[in-house]
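Contents: one structure, followed by commentary.
None of the figures in this text is laboratory data; all of them are computed from the coordinates on show. Just so you know, these numbers come straight off a predicted model, no measurement behind them. Virtual Cβ from ideal backbone geometry, glycine too; neighbours counted across all protein chains shown.
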Amino acid sequence: MRRTSVIRPPTLTAANLPQDLAKLAQYRDLLYTLSIHRIKVRYKQSVLGICWALLQPLSMMLIFTFIFSYIAGIKSEGTPYAIFAYTALLPWNYFSSAVSNATNSLVSHSQFVTKVYFPREILPITYVVAALFDFLVAATLLGGLMIYYHVRPTLNALYAIPIILILSCFALAMSFFLSATQVRIRDIGVAVPLLLQLWMFATPVIYPLTAVPRRLQPYYELNPMVGVIENFRQVILHGQAPEFRSLVIAVVISLVLLFVSYLYFKRVEATMADII
Amino acid sequence: MIDLTFDRVGKKYRIYRQSEQNRAPALVRKARELMTGWQDFWALKDVSFQIERGEAVGIIGHNGAGKSTILKLLYNITAPSRGEIRINGRLAALIEVASGFHPELTGRENVYLNGSLLGMKRREITQKLDSIVGFAGVAQFIDTPVKRYSSGMYLRLGFAIAAHLDPDVLLLDEVLAVGDAEFQAKCIERINQLKRNGKTIVFVSHNLAAVESLCDRVFLLRQGELYSTGPPRQVISEYERLLAEMPAAAKLSSVTAARAAEIVSVSIFNAAGRRTTTVATGDAMRAEVEYKVHEPVADAVIELYFYSIFGNLHCHFSTEVKGEHLRLAAGHGVIEFHCPEVLLEVASFNIEASIKHRGSAFSEHIDYKQAAFLNIGQGKPVHGMFYMPHSFTQKAVGVQQEIDS
């Protein structure tokens, strides 16, 4: 059965959303192949291979433990600082490497974009998938740390799954927005690493949420990463149910941004090849 | 049954100029450039046509006439600014996508990567893998990283993948420029096979001979408009007439500044002395460069450069090969280059002409412009890059043979 496709001048509208998502589903094999390829290429020629996914958060944990706990004496809510920091670094690194790699995904694949048609959002998505893979590898070390520090997980640890799902939505939203903007304004590529560094300090990664002054907290929690990181730590380390208020804020902001940034991405996509 | 429809399609590009206020800070300059420093350029203006199922249509025209814009729009690489395009069925482009290869991955992994990039399913690729590898002739190296491939293997593999797509509508873009003669023959056979199977084909090319042999109908584009359509022979001769008139257009394209001399036109004549745009490999050819001199030039050099459609310089004619002196007096004049035997392969060339002072750098020419267009047709057989004049004799080597056997 032949399908008739109609191409019209681009507009910023949600009317094409079902069609765009159908196209994306049609190209799922490309999404799969490219994601596998991303992961393979990253580790193919390195001697330590997959260990790099562990080494990065591990070395950050050691440095942070030394600086912030040993030298600066930051409190870590009764858990050893090393595991306290690692539990937050894990989702943070996932977010940070997903966004920073995805931002360049379109520009670095300009030879694809100008030659072949495929739903362009696949490019940023594959970087998010590859970062998720690294996250899962690094998560095994968290298991090791929990055994070492005698942290007993409860059933509440299962909340980590929806929390990571929310985080993925937010990472996708940022990736769509930044990669599409990067096509026209190349400064984005330089600005993003800096932005992510500042952002980490605006998120309870190296310090607990309780260290933030109470009157600032309502504004502080508008950062969706606060709800994600703090609750991830809460359900894993403390075995408690998540704190729903900050989680709901994260869900709402992530989903709204994902919707808007996807529409924006598809609008930019239409004439991307002309300016890339 | 209509497979492709263009309904008053227009495509606008925005051309940014570097702004001239160089003393303004970079940020201000950039902002000004983004806001006002651009011009609209319509690469396609109100183009409408319909293509029937099973039809093979060739699109020809000068560089910049809008041919590749039509391909890009059909292939959904970029969206139109106006109008509507309707495509009935699965569309694929037979283009070389080897640039999408990842050097670290093996041939096999790259086939999967590129195949899915072109919209194939993994299952489909697995089924066709042997055939793709056979077509490209790289069976022995399929598990070798492609960074160890020769450039020929690279291109052949990239093309072989595209050749295994099974579309309803096929786009072709200068396909005949890939690989050696043997591989090209395979590609042409594949295209003919698709045509026999009733696929709709859109072929964009500078190679008029190929267009004529493949297509049922030809569209001639001129400055973004559909100038004429009809049977191949008729439209191609119309195009050749346009090309012959081209100097007028070329004159417009040259920068009009006060210069000592300028190129007026370049014309090509065949062995019979008739003006043409097509000569066959092995034929004689004469090129006439007409120039106009405003201030006498004591020691000038006039040259013609033959560029392939990919922008590679293939050869040149020059008035200073043996150090000859050329004095240009004020007024009109003509330089004739005589070529006893054209040795170029079957392809199309842009001819660019220059006048300069002897010994001056290329960029300091007095005048330089794209001046003509040359199509090389089938003549003496060329395998490789060009025809090398040769002959052979046979000698008896009886004694030698006895010793050998």
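At-a-glance table
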{"quantity": "For residue B:83, distant residues with modelled amide H under 5 Å away", "calculated": "B:10"}
{"quantity": "Nearest 10 degrees, 0 to 90: helix A:187-201 Cα axis against chain A principal axis", "calculated": "20"}
{"quantity": "Whole-Hz couplings from phi, Karplus 6.51/-1.76/1.60, listed for region A:160-175; x for Gly and Pro", "calculated": "4, 5, x, 5, 5, 5, 4, 4, 4, 4, 5, 4, 5, 4, 5, 5"}
{"quantity": "Likely footprinting exposure, A:230, B:212, fewest C-beta neighbours within 10 Å first", "calculated": "B:212, A:230"}
{"quantity": "Loop trypsin sites (Lys or Arg not before Pro), region A:161-240 (other Cβ atoms within 10 Å of the site Cβ: 15 or fewer; DSSP)", "calculated": "A:186"}
{"quantity": "Residue order, fewest to most surrounding Cβ atoms within 10 angstrom, among A:147, A:163", "calculated": "A:147, A:163"}
{"quantity": "Electrostatic dipole magnitude of region A:46-275 [Cβ: Lys, Arg +1; Asp, Glu -1; Cα centre; debye, to 20]", "calculated": "160"}
{"quantity": "Rotationally averaged projected area of region B:1-135 (alpha carbon convex hull; nm²)", "calculated": "13.0"}
{"quantity": "Full-extension gain in nm, residue B:48 to residue B:332, via 0.36 nm per residue minus C-alpha separation", "calculated": "97.9 nm"}
{"quantity": "For chain B, share of DSSP beta bridges that run antiparallel, in % to the nearest 5", "calculated": "75"}
{"quantity": "Normalised alpha carbon radius of gyration of region A:112-204 [divisor 2.2 N^0.38 Å]", "calculated": "1.40"}
{"quantity": "Rounded to 5, the percent of DSSP beta bridges in the protein assembly as shown classed as antiparallel", "calculated": "75"}
{"quantity": "Two-decimal Rg to Rh for region B:179-237 - Kirkwood Rh, Cα set", "calculated": "1.02"}
{"quantity": "Computed [θ] at 222 nm, deg cm²/dmol, chain A (DSSP H ≥ 4; -39,500 (n - 2.57); rounded to nearest 500)", "calculated": "-22500 deg cm²/dmol"}
{"quantity": "From phi via Karplus (6.51, -1.76, 1.60), per-residue ³J(HN,Hα) for region B:130-139 in Hz, x at Gly/Pro", "calculated": "4, 5, 4, 5, x, 4, 7, x, 10, 3"}
{"quantity": "Check: chain B dipole with +1 on Lys, Arg Cβ and -1 on Asp, Glu Cβ, in debye", "calculated": "1280"}
{"quantity": "For residue B:319, residues with placed amide H under 5 Å, excluding near neighbours", "calculated": "B:302"}
{"quantity": "Inter-site label distance for residue A:48 and residue B:378 at 7 Å from Cα along Cβ, in nm", "calculated": "6.2"}
{"quantity": "All-pairs alpha carbon distance profile, region A:92-152, 10 Å steps from 0, percent", "calculated": "22, 35, 23, 12, 7, 1"}
{"quantity": "Region B:309-351 residues near the modelled residue B:284 label - backbone nitrogen below 18 Å, point 7 Å along Cα→Cβ", "calculated": "B:336-344"}
{"quantity": "Angstrom value of the Kirkwood radius, inverse mean 1/r, which spans all Cα pairs in region B:55-240", "calculated": "17.3"}
{"quantity": "Extension gain, residue B:212 back to residue B:151 (0.36 nm per residue minus Cα-Cα distance, nm)", "calculated": "19.0 nm"}
{"quantity": "Estimated FRET transfer efficiency (residue A:245, residue A:79; beta-carbon r; R0 35 Å; 0.05)", "calculated": "0.95"}
{"quantity": "Partners for residue A:266 among lysines (Cα-Cα distance below 24 Å; same-chain residues under 8 apart left out)", "calculated": "A:23, A:115, B:11, B:12, B:72, B:121"}
{"quantity": "Bins of 10 Å from zero: percent of alpha-carbon pairs in the protein assembly as shown", "calculated": "3, 12, 18, 20, 18, 13, 8, 5, 2, 0, 0"}
{"quantity": "Computed E for residue A:198/residue B:39 - FRET, C-beta separation, R0 45 angstrom, nearest 0.05", "calculated": "0.70"}
{"quantity": "Helix A:224-237 vs. chain A, principal-axis angle (Cα, 0 to 90°, nearest 10)", "calculated": "50"}
{"quantity": "Between helix A:81-103 and chain A: long-axis angle, C-alpha atoms, 0 to 90°, nearest 10", "calculated": "10"}
{"quantity": "Long-range HN-HN contacts of residue B:142 with modeled amide H, under 5 Å", "calculated": "none"}
{"quantity": "Within chain B, helix-based [θ] at 222 nm, where runs of 4 or more DSSP H residues each add -39,500 (n - 2.57), nearest 500", "calculated": "-8000 deg cm²/dmol"}
{"quantity": "Largest-first ellipsoid semi-axes for chain B, taking √(5λ) over the Cα gyration tensor eigenvalues, angstrom", "calculated": "38, 33, 23"}
{"quantity": "Cβ-based exposure ranking for B:164, B:294, B:332, in which fewest neighbours within 10 Å come first", "calculated": "B:332, B:294, B:164"}
{"quantity": "Under Karplus coefficients 6.51, -1.76 and 1.60, residue-wise ³J(HN,Hα) of region B:215-226 in Hz, glycine/proline x", "calculated": "9, 8, 8, 10, 9, 10, 9, 9, 6, x, 10, 6"}
{"quantity": "All-pairs alpha carbon distance profile, region A:46-275, 5 Å steps from 0, percent", "calculated": "1, 7, 13, 17, 19, 16, 12, 8, 4, 2, 1, 0"}
{"quantity": "Angstrom value of the Kirkwood radius, inverse mean 1/r, which spans all Cα pairs in region A:9-157", "calculated": "18.0"}
